[in-house]
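Participant: Okay, here's the structure, questions in a sec.
The values are calculated or read from the model by the stated rules, or taken from the named source; none is laboratory data. Small disclaimer: the values here were computed from a predicted structure and weren't measured. With ideal geometry, Cβ positions are generated from the backbone for all residues, glycine too; neighbour counts draw on all protein chains shown. To get the accessible areas, we keep the full protein, side chains included, count just its heavy atoms, and leave off ligands, DNA and RNA. Shrake-Rupley method; radii C 1.70, N 1.55, O 1.52, S 1.80 Å.
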Amino acid sequence: MAVCGPNSLMWFRKSLRIHDNPALEYAAATNGGGGQSGCLYPVFVVDPHYMEPDPTAFSAGSGRAGLNRIRFLLESLVDLDCSLRKLGSRLLVLKGEPAEVLIRCLKKWDIKRLCFEHDTEPYYQALDIKVKQDYASAAGVEIFSPVSHTLFNPADIIQKLAGHPSWASSPLSTTISWLPPVGNVGNSKISNVPTLKELGYEDIIQDESTPFRGGESVALERLRAAINDKEWVAKFEKPKGNPSAFLKPATTVLSPYLKFGCLSSRYFYQCIQEVQKNVKSHTLPPVSLLGQLLWRDFFYTVAYGTPHFDQMEGNRISKQIPWNVDDRLLAAWRDARTGFPWIDAIMVQLHKWGWMHHLARHSVACFLTRGDLFVHWEKGRDIFERLLIDSDWAINNGNWLWLSCSSFFYQYNRIYSPTSFGKKYDPNGDYIRHFLPILKDMPKEYIYEPWTAPLSIQTKANCIIGRDYPKPVVSHDTASKDCKRKLAEAYELNKKLNGSVSEQDLKFLRRKFEEYQQKGQQPESKKPKNL
């Protein structure tokens with residue numbers, strides 16, 4: 001066994017990579033007496049409530065994540081362990097409540113330095129506070145928690161906007177070529193990265209799962225493939241792109257790797273800059289690829305600086321809207337039974353792949369909320385949060401606030417048609433035919449609106465609407481007009497707030513909304529006298 005100096009522990013959470021990982025670099029640089037390297041304990045804690053099966057959930061997975069994301073995480077951990085072993089180390093996998101497990105390890109292994117990537121998500125903020133307050137601070141453990149999951153430090157940006165000193169992105173971490181040895185773990189229950197079967201998912205059978213595999217190695221391969229097409233990088237312009245392209249998605253599909261930190265956003269940004277230096281012209285933010293990474297930082301910053309960002313009530317930047325509470329419509333949307341093939345095909349792709357193009361996400365989010373069903377955006381957010389392999393707390397909530405016209409974007413009259421929007425990209429309906437095979441023989445004239453097909457056509461296509469495939473849950477023309485009216489009325493009630501929302505204001509609005517719903521009344525178009 002190696003003789004070690006002061007010990008360091010690298011706590012992996014999302015930074016599941018070797019490249020540009022300043023926390024890992026700092027942990028590896030620990031020196032003991034006489035210049036001898038201290039031992040390094042690379043740790044990942046399997047959180048039971050995130051990883052263990054939940055038989056009560058509507059889809060395979062745990063209470064917090066669908067099976068696709070759990071599989072992607074496990075693949076990322078296996079890849080990380082392989083990379084660590086090449087550097088003379090290994091990943092130490094433990095199981096239990098993360099803060100409790102970590103504190104136990106700090107004590108048992110005599111850890112003097114704890115390193116982990118800073119995370120602005122409330123769940124991890126709470127974990128960090130618990131570890132610091134319950135043990136690390138009192139025990140004199142040095143904590144190094146650099147910002148490397150985003151381009152900039154959200155706290156620094158907020159300070160800058162408040163008139164405090166300027167901020168800048170920190171330099172990329174150097175390449176790590178060697179790691180100190182792992183020290184004695186004593187009687188700690190260390191395991192390898194568990195398999196799905198070992199977690200209890202042996203009976204899960206999927207007819208089609210996500211084609212995207214997790215890990216830093218795959219992330220870097222995808223990045224190289226993307227930046228090698230310099231013309232594509234230079235001309236990238238969001239929101240353009242074909243949402244129906246599924247065999248070869250019309251985007252990088254790097255979001256899940258950024259989510260888990262298999263790919264450094266800072267390294268990605270640097271690579272794009274290098275491409276742009278060597279082309280005659282290129283698109284600019286906010287629509288360029290660089291712009292997309294800046295949007296990512298934008299959502300992280302707003303989320304970090306906004307209390308209750310993940311809900312409507314108590315969220316000072318969210319308009320208060322009397323969304324419907326309709327479990328029937330929500331279930332139809334979730335389970336791909338709306339009767340609108342474009343919407344249902346997207347939801348099937350979500351279930352099977354855990355991913356879909358951003359314009360496809362826009363379509364179904366708009367449909368659920370302000371476009372047709374007027375169901376609360378928090379309900380859709382919960383389903384996305386579970387099923388997406390790239391589910392990211394700040395970005396997921398930010399986009400649902402945006403798409404529901406609750407914040408950021410307020411042109412509620414602009415909606416995504418559940419029939420014509422997909423048709424302009426895929427007139428033959430190949431995307432629908434793949435993800436909804438019950439409609440594979442429907443003529444293209446009716447593939448987006450199969451309920452309009454004569455019975456003879458439905459019979460020939462082996463798909464009777466109302467029997468083999470559902471009828472539309474709403475009339476789009478009628479429902480969309482009703483949604484616009486409700487939003488107009490809600491916006492009028494919100495005018496009084498003028499960006500300064502008190503708890504009393506929110507309670508009043510909620511009470512008024514409930515009164516309108518119970519009595520079947522509609523708010524006056526002008527501001528009520530008692531507001």
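Participant: Please verify whether THR419 is at pLDDT 95 or above, within 23 Å of CYS366 (Cβ to Cβ) and of a type in the set (Val, Ile, Thr), treating the condition exactly as stated.
Facilitator: Working: at pLDDT 95 or above: yes; within 23 Å of CYS366 (Cβ to Cβ): yes; of a type in the set (Val, Ile, Thr): yes.
It is true that THR419 is at pLDDT 95 or above, within 23 Å of CYS366 (Cβ to Cβ) and of a type in the set (Val, Ile, Thr).
Participant: Right, something else. Which of (1) at pLDDT 90 or above; (2) surrounded by 14 or more Cβ atoms within 10 Å (Cβ to Cβ); (3) within 25 Å of the chain's Cα centre (by Cα) is the odd one out, the single condition THR210 does not satisfy?
Facilitator: Among (1) at pLDDT 90 or above; (2) surrounded by 14 or more Cβ atoms within 10 Å (Cβ to Cβ); (3) within 25 Å of the chain's Cα centre (by Cα), the lone unmet condition for THR210 is (1).
Participant: Considering only the stretch 437-478, how many residues are crowded, with 20+ Cβ neighbours inside 10 Å, part of a loop (DSSP other than H, G, I, E, B) and touching a strand residue (DSSP E or B) at 6+ places or on another chain (Cβ under 7 Å)?
Facilitator: Qualifying residue count, the stretch 437-478: 1.
Participant: Condition (residue is of a type outside the set (Lys, Arg), open to solvent by 30 Å² or more (accessible area, probe 1.4 Å) and free of Cβ contacts under 8 Å to residues at least 40 places away in the same chain) applied to the stretch 267-280: is it met by at least one residue?
Facilitator: Yes, some residue in the stretch 267-280 is of a type outside the set (Lys, Arg), open to solvent by 30 Å² or more (accessible area, probe 1.4 Å) and free of Cβ contacts under 8 Å to residues at least 40 places away in the same chain.
Okay, residues lined up against (1) open to solvent by 10 Å² or more (accessible area, probe 1.4 Å); (2) in contact (Cβ under 8 Å) with a residue 40 or more places away in the chain; (3) out of contact with any Ser or Thr (no Cβ under 9 Å at 6 or more places or on another chain):
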{"residue": "SER76", "(1), (2), (3)": "no, yes, yes"}
{"residue": "CYS105", "(1), (2), (3)": "no, yes, no"}
{"residue": "ILE111", "(1), (2), (3)": "no, yes, no"}
{"residue": "THR120", "(1), (2), (3)": "yes, yes, no"}
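Participant: Okay, moving on. Working only within the stretch 295-342, note down all residues that are among the acidic types (Asp, Glu) and under 30 Å from GLN159 (Cβ atoms).
Facilitator: Correct list: ASP297, ASP310, GLU313.
Participant: A follow-up question, please. Mind telling me which of the residues HIS351, HIS434, HIS358 ends up being under 17 Å from ALA332 (Cα atoms), open to solvent by 10 Å² or more (accessible area, probe 1.4 Å) and in contact (Cβ under 8 Å) with a residue 60 or more places away in the chain?
Facilitator: HIS351
Participant: Is it the case that the stretch 183-199 has a residue that's farther than 20 Å from LEU77 by Cβ and buried (at least 19 other Cβ atoms within 10 Å of the Cβ)?
Facilitator: Checked against the condition, which is being farther than 20 Å from LEU77 by Cβ and buried (at least 19 other Cβ atoms within 10 Å of the Cβ), the stretch 183-199 yields at least one hit.
Participant: OK, next. Can you tell me which of ASP327, ASP335, ASP390 is of a type in the set (Asp, Glu), on the phi < 0 side of the Ramachandran plot, within 14 Å of the chain's Cα centre (by Cα) and open to solvent by 10 Å² or more (accessible area, probe 1.4 Å)?
Facilitator: Selected residue: ASP390, the only one of ASP327, ASP335, ASP390 that is of a type in the set (Asp, Glu), on the phi < 0 side of the Ramachandran plot, within 14 Å of the chain's Cα centre (by Cα) and open to solvent by 10 Å² or more (accessible area, probe 1.4 Å).
Participant: Okay, moving on. State which residue pairs qualify: first residue under 14 Å from PHE44 (Cα atoms) and inside the stretch 180-203, second residue open to solvent by 70 Å² or more (accessible area, probe 1.4 Å) in any location, beta carbons under 7 Å apart, and separation of 6 or more residues or different chains.
Facilitator: Qualifying pairs under 7 Å: SER188/LYS108; VAL193/VAL78.
Participant: Okay, next question. What pairs come out if I take residues in the stretch 392-410 that are under 12 Å from SER318 (Cα atoms) and pair them with residues that are assigned to a loop (DSSP other than H, G, I, E, B) and basic (Lys, Arg) whose C-beta lies under 6 Å away, six or more apart or interchain?
Facilitator: Within 6 Å, the pairs are SER406/LYS319.
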